[in-house]
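The block underneath contains the structure these notes are about, expressed in structure tokens.
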Amino acid sequence: MTASLNDAALELSADFTGASARERLEFLLEFSDNLPALPPRYSEHPDLLERVEECQSPVYLFVELDGDTVHTFFSAPEESPTTRGFAGILNSLLDGRSASDVLGFSEDFTDTLGLAEAVSPLRLRGMRAMLFRLKRQVREKQSGTRD
Amino acid sequence: MPVAFDPQAKFSEYAHPEVLVSVDWLSQNLENSEIVVVESDEDVLLYEVGHIPGAVKIDWHIDLNDPITRNYIDGHAFKALMERSGISRDTTIVVYGDKSNWWAAYALWVFKLFGHEDVRLLDGGRQAWLESGNPVTREVAPVTPGTYPTIERDDSTIRAFRDDVLKHFGNPLLDIRSPQEYSGERTHMPDYPQEGALRGGHIPTAVSVPWARAVNEDQTFKSRSDLDAIYVAEKGLSADQSVIAYCRIGERSSHSWFVLKYLLGFDNVRNYDGSWTEWGNLVGVPIHKGEDAGEVPVLKN
């Protein structure tokens, strides 16, 4: 991973907004198809994961802080591909980044992909909520206020 | 020539047996050129993951809602949508979707706002099709465009607006949300973003029948006698009453609207699509909190 988080995000935004609405859905489907499965330490302990209540479909996320490095984990069912796609995008951008990079990453990113037209603004709010909660977990783990 | 109905015994008990088809019936009728199969889901990507061969996708956000006004598309947009979906005015439409057909029922309800005659639901929806082992595909089949007239949307018979609800007090209101949403006890955790209504509770006098009570575990509709036991015997509704159903944004209540209108034969049932996201935010209207229905409110002016 060489590109900075902001460069990677800009590149992804350019890919999405340069595509037709239909192609954007195909990109999103690729992220959904490629969302990594949870490692057993989480798949066997779903209670550790935080549910993103703002999404109508059940999606869970968890953040590990390894020193200053953030690792992100998501779980969403196969029958919720849009949510899986959102998770896949965030995972591809944020996993392995520094805590300060993740905390400095604006929730407004979710509005830069041209997805409002392709999936609707209401659905897009779920992606914003995921990012919000993910950042909150990073802050909590930094300050040791949780777990 | 109308497409023959599914003669399944379970359907024949309903007030309008012609509005449902079974997975077996649909699998035998997929090649019928007078039928267009429409998938309508909560998740906008599910169709891309795999759909019934030949089905077209119609999305409630993208296709059925007007992007500027909180309302449904007008007759011109509906004509364009139908034609690009391969649907003509005399086409038999079979709708199916995820979540026990919430969005399929919602699409059917919108099609009925435009008076499309022959719209049917696939009993059990997307899940029933998948579990039957019938094929799905990611391939989008080419569509032969339909020919559709420009029809003015009729909001007067099966749709209710907030003013209709205000005038309706004294007649049955049906709240089909979860018991926690109904009572208003559902709260959100501190520091979490919250969407939706400013207040929790229900429209005064509304009775609570969560939508899911109308379906079996396999997402098919319950039998006529089971539905009668809930809506008529338990809740005291009768088919000659005027009923308004609502939920959060009008999708789950489309499902219950379908049950009352077509399966139980209520002639005068309307869906209040503004629902709780409107009523719970509306200035100057009363709500009721708690598990009881509450009294008919005294309205000023």
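Taken together, the residues in the range A:54-68 that are among the hydroxyl-bearing types (Ser, Thr, Tyr) and modelled with pLDDT of 75 or more amount to 1.
Within the range B:90-99, the set of residues being open to solvent by 10 Å² or more (accessible area, probe 1.4 Å) and either farther than 15 Å from B:Ser256 by Cα or among the polar types (S, T, N, Q) (or both) comprises B:Asp90, B:Thr91, B:Asp98.
Of all residues in the range B:35-45, one or more are out of contact with any His (no Cβ under 9 Å at 6 or more places or on another chain), over 23 Å from B:Ile158 (Cα atoms), within 14 Å of chain A (Cβ to nearest Cβ) and in contact (Cβ under 8 Å) with a residue 12 or more places away in the chain. Listed conditions (1) surrounded by fewer than 22 Cβ atoms within 10 Å (Cβ to Cβ); (2) farther than 20 Å from B:Thr220 by Cα; (3) touching a helix residue (DSSP H, G or I) at 6+ places or on another chain (Cβ under 8 Å) are all met by B:Lys79, apart from (3). The set of residues in the range B:114-134 being surrounded by fewer than 24 Cβ atoms within 10 Å (Cβ to Cβ), of a type outside the set (Asp, Glu) and part of a helix (DSSP H, G or I) consists of B:Gln127, B:Ala128, B:Trp129, B:Leu130.
Here's the yes/no breakdown for (1) within 11 Å of chain B (Cβ to nearest Cβ); (2) surrounded by 18 or more Cβ atoms within 10 Å (Cβ to Cβ):
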| position | (1), (2) |
| --- | --- |
| A:Arg51 | yes, no |
| A:Leu93 | no, yes |
| A:Met127 | no, yes |
| A:Ser143 | no, no |
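Hey, among the residues in the range B:46-72 that are within 25 Å of B:Thr277 (Cβ to Cβ) and away from chain A (no Cβ under 14 Å), which one's surrounded by the fewest Cβ atoms within 10 Å (Cβ to Cβ)? Here the residue is B:Thr69.
Please identify the pairs in which a residue from the range B:52-71 that is more than 19 Å from B:Leu121 (Cα to Cα) has its Cβ atom under 6 Å from the Cβ atom of a residue that is modelled with pLDDT of 90 or more, counting only partners at least 6 apart or on another chain. That search, which allows pairs on different chains as well, returns B:Asp66/B:Ile73. The residues on offer are B:Val3, B:Val36, and the sole one that is in a strand (DSSP E or B), open to solvent by less than 50 Å² (accessible area, probe 1.4 Å), farther than 14 Å from B:Gly125 by Cβ and of a type in the set (A, V, I, L, M) is B:Val36.
Just one residue in the set A:Arg84, A:Arg22, A:Arg41 is assigned to a helix (DSSP H, G or I), more than 15 Å from the chain's Cα centre (by Cα) and within 14 Å of chain B (Cβ to nearest Cβ); that residue is A:Arg22. Would you check if A:Glu107 is open to solvent by 10 Å² or more (accessible area, probe 1.4 Å), within 9 Å of chain B (Cβ to nearest Cβ) and in contact (Cβ under 8 Å) with a residue 12 or more places away in the chain? Spelling it out, it is not the case that A:Glu107 is open to solvent by 10 Å² or more (accessible area, probe 1.4 Å), within 9 Å of chain B (Cβ to nearest Cβ) and in contact (Cβ under 8 Å) with a residue 12 or more places away in the chain. Where helices (runs of 4 or more DSSP H) sit wholly within the range B:188-301, those with at least 1 residues that are modelled with pLDDT under 95 occupy B:252-258, B:275-279. When the criteria are applied in full, A:Val102 fails the requirement of being away from chain B (no Cβ under 13 Å), within 13 Å of the chain's Cα centre (by Cα) and outside any helix (DSSP H, G or I).
For every residue, the table says whether it meets (1) closer than 24 Å to B:Trp60 by Cβ; (2) open to solvent by 10 Å² or more (accessible area, probe 1.4 Å); (3) touching a residue at least 24 places away in the same chain (Cβ under 8 Å).
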residue	(1), (2), (3)
B:Thr205	no, yes, yes
B:Ala212	yes, yes, yes
B:Val215	yes, yes, yes
B:Ser223	no, yes, yes
B:Tyr231	no, no, yes
B:Lys235	no, yes, yes
B:Asp240	no, yes, yes
B:Arg248	yes, yes, yes
B:Glu251	yes, no, yes
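Evaluating A:Asp66 against the criteria (1) within 14 Å of chain B (Cβ to nearest Cβ); (2) without any contact (Cβ under 8 Å) to a residue 40 or more places away in the chain leaves one unmet condition, (1). Identify all residues within the range A:110-125 that are facing chain B (nearest Cβ under 10 Å) and either farther than 19 Å from A:Leu28 by Cβ or among the acidic types (Asp, Glu) (or both); write none if there are none. A:Glu117 - this is the single residue of the range A:110-125 that is facing chain B (nearest Cβ under 10 Å) and either farther than 19 Å from A:Leu28 by Cβ or among the acidic types (Asp, Glu) (or both). Figure legend. Inter-residue proximity from the range B:264-285: first residues touching a residue at least 12 places away in the same chain (Cβ under 8 Å) and under 21 Å from B:Ile230 (Cα atoms), second residues surrounded by fewer than 21 Cβ atoms within 10 Å (Cβ to Cβ) and of a type in the set (Ser, Thr, Tyr), beta-carbon distance below 6 Å, spacing 6+ or different chains. Indicated pairs: B:Asn268/B:Ser242.
The values are calculated or read from the model by the stated rules, or taken from the named source; none is laboratory data. Owing to the predicted nature of the structure, the values given are computational and were not obtained by experimental measurement. Ideal geometry is used to build each Cβ from the backbone, glycine not excepted, and the neighbour counts take in all protein chains shown. These area figures cover heavy atoms from the full protein model, side chains too; ligands, DNA and RNA do not enter into them. Shrake-Rupley method; radii C 1.70, N 1.55, O 1.52, S 1.80 Å.
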